[in-house]
1. Being buried (at least 18 other Cβ atoms within 10 Å of the Cβ) and of a type in the set (Asp, Glu) is the requirement here; does Glu101 meet it?
2. If you go through region 47-62, how many residues are free of Cβ contacts under 8 Å to residues at least 60 places away in the same chain and loosely packed, with under 14 Cβ neighbours inside 10 Å?
3. Could you grab me the full set of residues in region 16-34 that are of a type in the set (Val, Ile, Thr) and either without any contact (Cβ under 8 Å) to a residue 40 or more places away in the chain or not in a helix (DSSP H, G or I) (or both)?
4. Would you point out the residue of region 310-331, among those that are buried (at least 20 other Cβ atoms within 10 Å of the Cβ) and in contact with a Ser or Thr (Cβ under 8 Å, 6 or more places away or on another chain), that is nearest to Leu274 (Cα to Cα)?
5. With more than 26 Å from Pro139 (Cα to Cα) and assigned to a helix (DSSP H, G or I) as the only criterion, which of Ala12, Ala104 stands out?
6. Output the helices (runs of 4 or more DSSP H) that fall wholly within region 185-293 and possess 2 or more residues being in contact (Cβ under 8 Å) with a residue 12 or more places away in the chain and in contact with a strand residue (DSSP E or B) (Cβ under 9 Å, 6 or more places away or on another chain), or say none.
7. Does Leu71 qualify as being under 24 Å from Val326 (Cα atoms) and part of a helix (DSSP H, G or I)?
Amino acid sequence: MVTIASDAAGAAPLVLLLIVLVADGLFGGLPGVSALLGAPLAAVRRLTGWFDRRLNRAHRGEGTRRMRGLLVVVIVALLAGGAGAAVIYFTQLLPYGWMLEALAVLALLGQRERIARLRGVSRCLALKVPDEARRLADPLVRYDAAALDGYGVARAAVEGSVIRFAEGCVGTVFWYLLLGLPALCVYRAVGAAADAIGRPSPRHAAFGFVARRLDDVLSLPAAIIAGPVVAAAALFVPQSRPAGALRGWARDLAERGARADFRAEGAMAGALGLALGGPRPFDGATLPGPWIGDGRARATVTDVHRAAMLVTVACLLVGVALALAVIARAG
């Protein structure tokens with residue numbers, strides 16, 4: 001764990017997280033910086049894709065493919081946990097080792113880049129450049145954005161905004177404070193592996209089962225916390241509905257929380273008056289899915305813009321909460 005000099009040692013992890021959140025807000029969206037910071041998770045996705053091409057054979061039985069997928073998750077988790085432990089080891093040797101740990105946490109946060117991507121989707125849809133909008137929206141979700149129409153792209157961007165906020169921002173804070181950097185590395189690496197093979201498509205239904213379900217379980221606490229944060233953010237975003245966000249979050253949690261695939265989409269749907277989810281394209285086929293929220297399914301450019309504002313304010317609220325916690329612990 002970080003050892004920043006402080007009058008209250010218990011405040012040190014909170015201080016580091018606050019520094020990281022500010023640094024991400026200031027520099028995380030710069031093109032060269034975002035590519036550099038995204039390299040570790042991108043490497044996990046490439047490694048998982050390499051295993052996918054070599055181990056996920058269509059002629060193998062479902063049980064065999066599940067076991068091979070389990071092996072991939074174990075390897076990824078061990079490598080990630082080992083990398084986190086190595087960073088902690090070197091922080092104890094270097095005079096300002098906490099900066100190395102902060103850089104590692106910063107690489108696993110990545111919220112500024114996600115917000116920039118959302119704004120890019122909004123801008124491309126407004127300029128009627130749908131192919132570029134699809135390209136920008138695709139990394140935000142785990143289904144094929146290239147097959148979506150304009151409404152679908154906007155809906156995917158809105159849905160992905162709250163998913164990535166829950167996993168990237170709230171999840172990073174939660175797991176780092178709970179169990180430290182090695183656990184955070186495992187959590188984010190499992191999520192990156194699920195990005196690569198966690199789609200419930202015919203190809204990955206069995207091979208990606210363990211990655212998908214483990215990511216669901218590890219992401220559940222952060223998703224539960226993220227809903228009220230989005231609802232609080234709706235207080236500060238024009239034409240957003242805080243009460244609707246809370247109702248949508250609670251209903252969605254009651255319906256999907258037991259299955260652990262809850263990602264707080266209901267909070268965003270309620271805040272914007274949308275219906276998210278529904279049928280989704282995977283590998284050339286459209287698979288059925290439940291609708292989340294009881295609003296309109298035709299999301300617009302305005303909805304994407306407001307989703308970006310909601311996530312931005314939600315990140316600021318997380319920063320305020322960390323600052324207050326630092327003051328409380330140091331006081």
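Rule-based calculations on the coordinates, nothing more; no lab input. Keep in mind that this is a model prediction, so the values were computed, not measured. Cβ coordinates were reconstructed from backbone atoms using ideal geometry, including for glycine residues, and neighbour counts include every protein chain displayed.
1. When the stated conditions are applied, Glu101 passes them.
2. Total satisfying the criteria: 6.
3. Val33
4. Among residues in region 310-331 that are buried (at least 20 other Cβ atoms within 10 Å of the Cβ) and in contact with a Ser or Thr (Cβ under 8 Å, 6 or more places away or on another chain), the one nearest to Leu274 (Cα to Cα) is Leu310.
5. Ala12
6. Qualifying helices (runs of 4 or more DSSP H): 242-256, 265-272.
7. In short, no.
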